[in-house]
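Visitor: Once you've had a glance at the structure underneath, I'll fire off some questions.
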Amino acid sequence: MESGQNLATAPPRTPARKGVTSQTAAYFLCFTLVGVLSAMLGPSLLVLAERSGGAPGDLGLLFTVDSFGSVCGSLLAGWLLGRFATHLQAALALAGIIALMLILPLLTRPAALLPAWWALGLCKTFLIVTVNTLLVRERRGTVGPFMNVADFFLGLGSLLMPVAIALSLRATGHLVPAYWAGAVLAVILLVWLLRMLPGPSATVDRPRAPDSSDRRQRWVLPLVAAMLFVYVGAEISFAGWLPAYVADRGLTDATADAAYFTALFWIAVTAGRLLWAPLAGRYAPERLLTVAFTGCAAVLTVLFGLASPTLASITAGTIAFGLFMAPVFPSAFTLLEKRVGVSGKASAVCLCTASVGAMFFPWLVGSLLIF
């Protein structure tokens with residue numbers, strides 16, 4: 001039902017309308033799965049280092065190959081959208097994710113870990129480019145609130161996985177239970193989407209041409225891509241290296257406890273998306289983005305300017321940084337949709353640029369940290 005319709009005048013709930021609701025719910029769960037996959041590496045890093053016999057700093061290359069896989073996945077998904085059934089495209093990504101989630105916790109050699117994490121980066125970004133474009137298609141004209149909800153589910157997955165890893169390590173000393181639980185979610189989604197073949201067309205309205213009286217419109221796509229480059233790079237770096245940073249500074253003695261800091265960050269991001277949602281309906285996305293980036297810069301300046309960080313300061317800084325990071329992703333896509341429209345290619349360009357940021361910044365941060 002459209003949001004503006006009165007219940008008395010609303011048309012009957014037809015099977016087609018049920019299909020749209022089911023599709024949207026499936027897309028939200030796909031965002032959850034991508035959040036799960038995106039939050040795996042940081043809490044797993046110390047365990048992978050122990051099992052492979054390498055230093056955490058050396059395995060920081062996994063962040064790079066994961067992000068390079070994301071670049072490949074975004075470009076491939078943007079090129080394939082519209083060439084065959086969209087739900088089949090998402091199903092192919094899910095099949096790859098299932099296989100990788102079953103295999104990854106069993107690998108111990110860096111030579112095997114590198115290509116596996118590259119493939120996982122490709123599959124998860126292939127999936128999110130597809131469902132992100134389809135969500136815009138399904139909720140065209142009212143995408144703002146739905147994008148916020150989708151990113152809430154993304155954050156939910158990102159906070160659940162570090163907790164699952166911590167519990168798995170405490171219970172068994174292995175990553176297998178947490179990783180295989182993620183594979184179960186992927187199986188459920190695979191069956192769900194296959195039951196809804198072929199899926200909606202990925203084609204959206206053609207991007208609106210910039211008005212001749214406002215030449216600034218032509219810079220919206222590059223600007224959004226640049227913001228996502230910085231945002232995703234900072235997000236992955238902070239969440240990925242935080243457990244190793246906390247453990248190295250002696251703020252916690254257990255690897256499992258260090259993983260909870262990543263969960264804390266994602267809890268703040270997820271809660272922040274709910275807190276910022278009312279403001280998204282009242283203020284322009286440009287204003288929200290300005291406040292968010294200013295707040296993030298201020299938090300990082302204070303947090304890493306401390307000569308002797310404490311458990312309390314790291315905890316407070318993690319929460320504050322997550323809250324300010326929360327509105328960036330949905331606000332950036334809302335800005336893009338309002339100003340020039342969102343197509344499969346536009347989504348691919350933005351997420352490809354974001355993946356480059358995720359590839360560059362974790363490597364930079366890892367090289368600056370001393371382990």
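The values are calculated or read from the model by the stated rules, or taken from the named source; none is laboratory data. These numbers come from a predicted model, not from an experiment. Cβ: placed from backbone, ideal geometry, glycine included. Neighbour counts: every protein chain shown. In case anyone asks, the SASA skips ligands and DNA or RNA and just uses the protein heavy atoms, side chains included. Shrake-Rupley method; radii C 1.70, N 1.55, O 1.52, S 1.80 Å.
Visitor: Here is a check on your reading of the model: is ALA292 without any contact (Cβ under 8 Å) to a residue 40 or more places away in the chain and open to solvent by less than 20 Å² (accessible area, probe 1.4 Å)?
Guide: Answer is yes for this residue.
Visitor: Working carefully through the options ALA358, ALA348, find the one that is among the small types (Gly, Ala, Ser) and in contact with a strand residue (DSSP E or B) (Cβ under 9 Å, 6 or more places away or on another chain).
Guide: Only one candidate qualifies: ALA348.
Table: residues versus (1) exposed (fewer than 15 other Cβ atoms within 10 Å of the Cβ); (2) part of a loop (DSSP other than H, G, I, E, B); (3) modelled with pLDDT of 85 or more.
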{"site": "VAL184", "(1), (2), (3)": "yes, no, yes"}
{"site": "LEU189", "(1), (2), (3)": "no, no, yes"}
{"site": "LEU197", "(1), (2), (3)": "yes, yes, no"}
{"site": "THR203", "(1), (2), (3)": "yes, yes, no"}
{"site": "PRO210", "(1), (2), (3)": "no, yes, no"}
{"site": "PRO222", "(1), (2), (3)": "yes, no, yes"}
{"site": "ALA244", "(1), (2), (3)": "no, no, no"}
{"site": "ALA247", "(1), (2), (3)": "no, no, no"}
{"site": "GLY250", "(1), (2), (3)": "yes, yes, no"}
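Visitor: Restricting to helices (runs of 4 or more DSSP H) lying wholly in the stretch 264-371: which have 3 or more residues that are farther than 20 Å from SER158 by Cβ and of a type in the set (S, T, N, Q)?
Guide: Those helices (runs of 4 or more DSSP H) span 285-303.
Visitor: Looking only at residues in the stretch 153-182 that are under 14 Å from the mean Cα position of the chain (by Cα), modelled with pLDDT of 85 or more and not aliphatic (A, V, I, L, M), which one is most open to solvent (accessible area, probe 1.4 Å)?
Guide: Of everything passing the filter in the stretch 153-182, PHE153 is most open to solvent (accessible area, probe 1.4 Å).
Visitor: Which number in (1) more than 22 Å from LEU368 (Cβ to Cβ); (2) free of Cβ contacts under 8 Å to residues at least 60 places away in the same chain; (3) open to solvent by less than 10 Å² (accessible area, probe 1.4 Å) marks the one condition that ALA49 misses?
Guide: All conditions are met except number (1).
Here's the yes/no breakdown for (1) part of a helix (DSSP H, G or I); (2) open to solvent by 40 Å² or more (accessible area, probe 1.4 Å); (3) at pLDDT 90 or above; (4) not hydroxyl-bearing (Ser, Thr, Tyr):
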site: SER44; (1), (2), (3), (4): yes, no, no, no
site: PRO56; (1), (2), (3), (4): no, no, no, yes
site: VAL65; (1), (2), (3), (4): yes, no, no, yes
site: LEU76; (1), (2), (3), (4): yes, yes, no, yes
site: ALA95; (1), (2), (3), (4): yes, yes, yes, yes
site: ALA99; (1), (2), (3), (4): yes, yes, yes, yes
site: LEU102; (1), (2), (3), (4): yes, yes, yes, yes
site: PRO115; (1), (2), (3), (4): yes, yes, yes, yes
site: LEU120; (1), (2), (3), (4): yes, no, yes, yes
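Visitor: Next up: Return the pairs, sorted by first residue and then second, in which the second residue is surrounded by 20 or more Cβ atoms within 10 Å (Cβ to Cβ), the first residue lies in the stretch 175-198 and is of a type in the set (Ser, Thr, Tyr), the beta carbons are less than 8 Å apart, and the residues are 6+ apart or on different chains.
Guide: TYR179/MET40; TYR179/MET101; TYR179/LEU104; TYR179/PRO105
Visitor: Return the residues of the stretch 316-340 that are touching a helix residue (DSSP H, G or I) at 6+ places or on another chain (Cβ under 7 Å), open to solvent by 40 Å² or more (accessible area, probe 1.4 Å) and under 20 Å from VAL299 (Cβ atoms); say none if nothing qualifies.
Guide: Listed by number, the residues that qualify are ILE319, LEU323, PHE324.
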